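Notes follow once the structure below has been shown.
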Amino acid sequence: MKFKSTMMLLIATLFTVNTFAQTAKTTPKRLAKVDGIAAVVGNQIVLESDVDRDYLMTQQQGMKVEDKCDFLNDIMLDKMLVDRAKQDTLIKVTQDEVTRQLNGQIEGWVAQAGGEKQILDYFGFRTMAEMKNEMKYLVEDNIYARNKKEMVVKGADATPEEVRLFFEKHQGELPDMKDEVSISHIVLYPVVSAQNQQKIIDQLKEIKKEVEEGASFATKAILYSEDPGSASNGGEYKKVLRGKMVKEFDAVAFNLQEGEISEPFKTDFGYHIIKLEKRKGQELDLRHILVTLKPTEEEIKAANNKLDSIRILINEGKMTFKDAALRFSDDKFTKFNSGNIMNPNSGDDRFEKMALPIPMFSAITSLNAGDISSVFEDDFDNRKSVRIIKLDKFYPEHKINYEDDYYRIQKFAIQDKERTLLLDWVKRQVGDAYVKIGNEYQSCSFPIDWEKKQKK
């Protein structure tokens with residue numbers, strides 16, 4: 001029985017996160033079948049549809065695969081991580097963390113696919129609330145697995161010499177690089193007038209008054225909250241730990257008494273009110289309502305005009321892009337780095353051009369290196385914004401090479417080390433965990449003796 005090479009697994013890990021379909025860790029309904037159980041690892045179940053999902057998606061990426069054994073093995077690795085993570089008292093996963101990651105994933109898919117309808121159609125859900133409700137458990141398990149894996153592979157690194165040797169050994173297995181870009185941006189959020197902000201404050205004060213007079217906070221949250229992660233669940237967040245929310249939220253929440261409702265307060269997301277349901281030591285169960293800041297057309301136009309004047313100053317040489325980003329950009333994560341956007345998936349500043357969200361792709365499609373886009377409207381970090389993008393560098397499609405793609409190769413080399421560490425760790429765990437593999441996969445030659453057959 002042949003397996004995908006280690007390289008194929010690493011490539012899939014590093015490069016399949018660029019589109020919503022490939023990022024998904026749930027099975028599109030159109031690919032689903034009546035599920036059987038492929039394997040059991042501890043308290044975790046691997047469904048046949050899980051294996052089918054990874055198998056079919058790899059085929060869609062043009063990779064040649066001969067059987068499903070390697071896919072089952074990798075899923076079982078993840079399940080072992082989840083099983084052990086949930087038994088590890090040092091690993092805590094909060095509902096807020098799950099919600100934030102889920103929302104971030106879905107927002108990325110929506111941006112890349114061009115709308116919520118495309119996402120819902122792909123996965124076969126009727127509403128976003130239905131999709132989030134089903135996917136949150138998968139995201140939670142992914143976070144558990146990631147946290148445990150980080151503990152297992154901690155310290156894995158690759159020296160320049162190790163990277164060179166790795167490349168010499170595996171260069172024939174590494175993928176060609178597609179068109180990529182390095183980009184920087186300046187973001188402005190339209191200034192919402194004090195008058196419009198006061199309307200939101202008054203609305204939340206009225207909601208608070210009605211709840212104190214007997215109305216249901218949960219019902220009000222469903223009706224009025226604009227928090228995509230909690231509105232459909234009555235604004236509920238459970239087991240909230242200090243430091244897991246933005247500081248303004250923490251400051252209010254941890255000073256409330258059980259049953260108390262806060263006054264309206266402001267964060268970067270908008271205005272909130274919180275009702276503290278229960279306090280357990282350093283954990284809070286609470287509900288909240290968020291009403292976002294919605295700039296008027298005039299306010300958006302004013303921001304657009306301001307950013308366009310900044311763009312003109314840069315183009316005329318009166319101000320550098322770096323200085324403009326530092327002085328004016330509302331993106332706190334990039335303004336101190338010349339506006340440069342880092343790719344969280346690859347660890348460098350290069351993005352596959354065709355995988356950029358549609359507004360960004362449209363903005364740069366006709367630019368040359370060094371050019372700055374026109375101002376365009378976008379929803380950045382869940383807020384209405386205006387942006388300009390500078391195309392710092394263009395990397396045309398090419399065969400991967402040591403000089404131009406060192407950091408990508410280094411990433412592969414480190415992942416290769418991490419996989420070795422992970423496999424060694426799993427081999428030590430299988431003796432203490434219940435593992436059962438379904439009949440369909442009994443003939444597989446796994447790299448791990450999952451059922452300890454050799455000792456029977």
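Can you list, bin by bin at 20 Å, the percent of alpha carbon pairs in the chain, starting at 0?
The calculated distribution, bin by bin, is 20, 51, 27, 2.
Please give the contour-minus-distance gain from residue 394 to residue 336: 0.36 nm per residue of separation, less the Cα-Cα distance, rounded to one decimal in nm.
The residue 394-residue 336 span can extend by a further 18.6 nm.
What does the charge dipole of region 194-291 about its Cα centre add up to, to the nearest 20 debye, if the Cβ of each Lys and Arg holds +1 and the Cβ of each Asp and Glu holds -1?
That gives a dipole near 280 debye.
Take the residue pairs 79/247; 79/452; 238/266; 244/411; 86/239 and return only those whose Cα atoms are more than 23 Å apart.
79/247; 244/411
Suppose each label sits 7 Å from its Cα in the direction of the beta carbon; what would the residue 305-residue 423 distance come out to in nanometres?
6.4
Across region 130-140, in residue order, what do the Karplus-derived ³J(HN,Hα) couplings come to in whole Hz, using 6.51 cos²θ - 1.76 cosθ + 1.60 with θ = phi - 60° and x for Gly and Pro?
Computed from phi, the couplings for region 130-140 are 4, 4, 5, 4, 7, 7, 4, 5, 5, 5, 4 Hz.
Give me the dipole magnitude in Debye, nearest 20, for the chain about the Cα centre, with unit charges on the beta carbon: positive for Lys and Arg, negative for Asp and Glu.
The calculation lands at about 820 debye.
Once you have the Kirkwood Rh of region 194-291 from its Cα pairs, apply Stokes-Einstein at 4 °C and 1.567 mPa s and quote D in µm²/s.
So the translational diffusion coefficient is about 98 µm²/s.
What are the residues whose amide H is under 5 Å from the amide H of residue 185, where those residues sit 5 or more places off or on another chain and H is modelled from the backbone?
340, 341, 390
For region 186-245, what class follows from the C-alpha gyration tensor (a ≥ b ≥ c being the square roots of its eigenvalues): rounded when a/c is under 1.5, otherwise prolate if a/b is larger than b/c, else oblate?
Oblate.
Counting other Cβ atoms within 10 Å of each Cβ, which GluC sites (Glu not before Pro) in region 369-447 have at most 14 and sit in a DSSP loop?
Passing both the DSSP loop test and the Cβ count: 397, 403.
Once both labels are modelled 7 Å past Cα along the beta-carbon direction, what's the residue 161-residue 117 spacing in nm?
Computed distance between label sites residue 161 and residue 117 equals 6.0 nm.
Taking 0.36 nm per residue of sequence separation and subtracting the Cα-Cα distance, how much length would be gained by fully extending the chain between residue 315 and residue 133, in nm to one decimal?
Result for the pair: 60.8 nm of gain on full extension.
Can you list the aspartates and glutamates whose alpha carbon sits under 16 Å from that of residue 220, skipping same-chain ones fewer than 8 residues off?
By straight Cα distance, residue 220 reaches 202, 206, 210, 212, 236, 260, 263, 277.
Between residue 107 and residue 224, what is the spin-label point distance in nm, taking each point 7 Å from the Cα along the Cα→C-beta axis?
The modelled label-to-label distance comes out at 2.4 nm.
Would you mind checking 178/322; 280/335; 92/436; 136/384 for any pair whose Cα atoms are more than 32 angstrom apart?
Over 32 Å apart, Cα to Cα: 280/335.
Give me the number: length gained by fully extending residue 196 to residue 43, i.e. 0.36 nm times residue separation minus the C-alpha to C-alpha distance, one decimal in nm.
So the chain would gain 49.9 nm between residue 196 and residue 43.
Values quoted throughout were computed directly from the atomic coordinates according to the rules given, and no laboratory measurement underlies them. Just so it is clear, the structure is predicted and the values come from calculations on it, not from any experiment. Note that each Cβ is placed from the backbone with ideal geometry, even for glycine, and that neighbours are counted across all protein chains shown.
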